[in-house]
1. Across the Cα atoms of segment 31-89, what radius of gyration and what greatest pairwise Cα-Cα distance (Dmax) are found, in Å?
2. Counting other C-beta atoms within 10 Å, and keeping those with at most 15, which DSSP coil trypsin sites (Lys or Arg not before Pro) do you find in segment 89-160?
3. Given 0.36 nm per residue, what is the gain on full extension from GLU125 to SER301 after removing their alpha carbon distance, in nm?
4. Among THR130, THR74, what is the fewest-to-most ranking by other Cβ atoms within 10 Å?
5. Ranking MET191, MET294 by Cβ neighbours within 10 Å, fewest first, what do you get?
6. Of all DSSP beta bridges in segment 94-383, what percent run antiparallel (nearest 5)?
7. Suppose every K and R has +1 on its Cβ and every D and E has -1 on its Cβ; what is the size of the dipole of segment 31-89 about the Cα centre, in Debye to the nearest 20?
8. For LEU95 and LYS318, what is the calculated FRET efficiency with R₀ set at 30 Å and r taken between the beta-carbons, to the nearest 0.05?
Amino acid sequence: MMDARPGPAAPPAPEPASAPEPSPGGTGAPREVVGLSREALAAALAALGLPRFRARQLWHWVYCRGATDFAAMTTFAKELRPLLARNLKVGRPGLAREQVSADGTRKWLLRLADGNLIETVFIPEEERGTLCISSQVGCTLTCRFCFTGTQRLVRNLGPAEIVGQVMLARDRLSDWPSNAPGRAITNVVLMGMGEPLFNYDNVAAAIRILLDGEGLGLSRRRITLSTSGVVPMIERAGAELGVNLAISLHAATDELRSRLMPINKKYPLAELIGACRRYPGASNARRITFEYVMLKGVNDSPADAKRLVRLIAGIPAKVNLIPFNPWPGAPFECAEAETIAGFADIVAAAGYTSPVRTPRGRDIMAACGQLRSDSIRPRKRAHHGEGEVERAAAAETAAAG
């Protein structure tokens with residue numbers, strides 16, 4: 001960790017981060033191993049009277065080999081395995097539905113222990129495989145071009161639920177052990193459901209597990225954290241985690257961005273771009289990605305492109321141009337291909353790489369901005385009338401930005 005000084009706290013989520021985990025030791029329900037830090041895992045085993053080196057062995061089996069059955073963990077003595085099985089468990093999110101696109105993209109609808117649902121997407125490409133994971137059930141933001149934003153925030157995901165998405169994907173893709181050459185999953189992006197920086201502590205704990213060289217073994221340059229612009233947390237994330245940063249930008253003026261993304265009212269462009277300029281480690285070798293969805297007649301003009309390059313001038317960056325992916329009731333259309341190409345040319349002429357993202361998984365609603373589950377906030381509905389539910393949700397959105 002480069003700098004562990006506490007930074008500004010993220011706005012609180014309206015629900016607990018996750019269900020409480022059972023306490024370690026020989027009583028009560030087995031404790032979930034996935035999501036525990038190395039120190040917490042060692043403490044759980046110490047409570048069972050086991051020495052510290054056993055934690056390293058278990059870590060290897062869980063995160064490198066993908067084992068879920070203690071009976072298969074042959075570096076533990078046979079008489080020790082039942083003790084582990086009685087007190088610990090190695091779980092996964094439940095698989096509610098799997099869909100495979102015509103282009104090979106896979107989308108998994110995952111059921112969590114409390115019945116809530118999230119979506120995870122795997123995008124295979126010729127030279128890499130990218131797994132898009134979620135950080136929240138629903139989202140507190142209401143970005144107008146994003147289907148997830150039409151679903152109110154239910155709760156944050158815990159570290160086990162975030163890491164568990166990667167592990168289930170490896171199960172489904174037969175991608176174990178994690179240190180084998182030719183892995184299917186080479187990159188992980190936190191671009192699924194939710195705003196990662198509104199769930200920073202759990203996201204950070206999960207990322208540290210993903211980075212561990214004796215486990216899942218992803219490098220910092222293979223993990224990308226995407227944010228809508230939670231300015232107080234950006235520098236902290238860079239200092240503590242050092243992963244790639246992607247900014248969901250989508251407009252180059254405050255007036256337009258505030259219409260598209262209400263969070264801009266709380267953290268306007270000057271503050272957001274300032275945080276990007278200060279992002280630790282940003283360089284030409286490690287550029288910040290600015291994501292820009294192309295909306296017909298809204299943000300796709302040559303003037304918009306010129307404003308964009310002026311806005312990010314001097315930042316080591318690339319600009320991902322994302323053709324808008326439609327969803328039921330969407331208020332926008334995708335910009336024309338010729339318009340997108342012209343926009344890309346202007347950005348490229350200013351010295352910025354400006355790839356146009358090829359839409360993937362549209363036929364199964366797995367493309368960027370199309371993820372959404374059916375989870376709702378039951379406690380709100382139990383205590384409020386329908387109109388009050390809507391007012392409470394609107395208040396949360398205003399508090400977030």
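Read-outs throughout are calculated quantities, based only on the coordinates presented, and are distinct from any laboratory measurement. Please read these numbers as outputs of a predicted model, since none were measured by experiment. Positions of Cβ are backbone-derived with ideal geometry, glycine not excepted, and every protein chain shown enters the neighbour counts.
1. Considering segment 31-89 through its Cα atoms, Rg and Dmax are 10.1, 26 Å.
2. Listed in order of number, the matching sites are ARG128.
3. 60.3 nm
4. THR74, THR130
5. Final ranking by Cβ density, sparse to dense: MET191, MET294.
6. 50 percent
7. For segment 31-89, the charge dipole is close to 80 debye.
8. 0.30
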